[in-house]
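The values are calculated or read from the model by the stated rules, or taken from the named source; none is laboratory data. Worth saying up front: this structure is predicted, and the values here are computed from it rather than measured.
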Amino acid sequence: MREPPNGMTVFHHNSSETDFVYDEISTREAYVRGGITIDNGDTVVDVGANIGLFEIIEQEAIERIDLMKIDAEGAEHLVLKGIRPQH
């Protein structure tokens, strides 16, 4: 498990990747550039959701969004389902 700067605990399988993706989403706001906005009631499809950090970060900032997470990779798929991968 990992605790990013927002204080939430997340399941992960690679701390450096988790830190990178967290920074990319929350600090650099890389997912909401070029006029993209996300407002209450919007539906977002997160293709390549990895471990679901986008959902965790955005649901803190936006009161209500409907989010569909898609990631077919083995360990990431388990994390999205809330199952901690065993190594």
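Quick notes on this structure:
- Helices (runs of 4 or more DSSP H) lying entirely in the chain (those with 2 or more residues that are at pLDDT 75 or above): 15-22, 53-61
- In segment 1-38, the residues that are under 13 Å from residue 57 (Cα atoms) and among the hydroxyl-bearing types (Ser, Thr, Tyr): 9, 18, 22, 26, 27, 31
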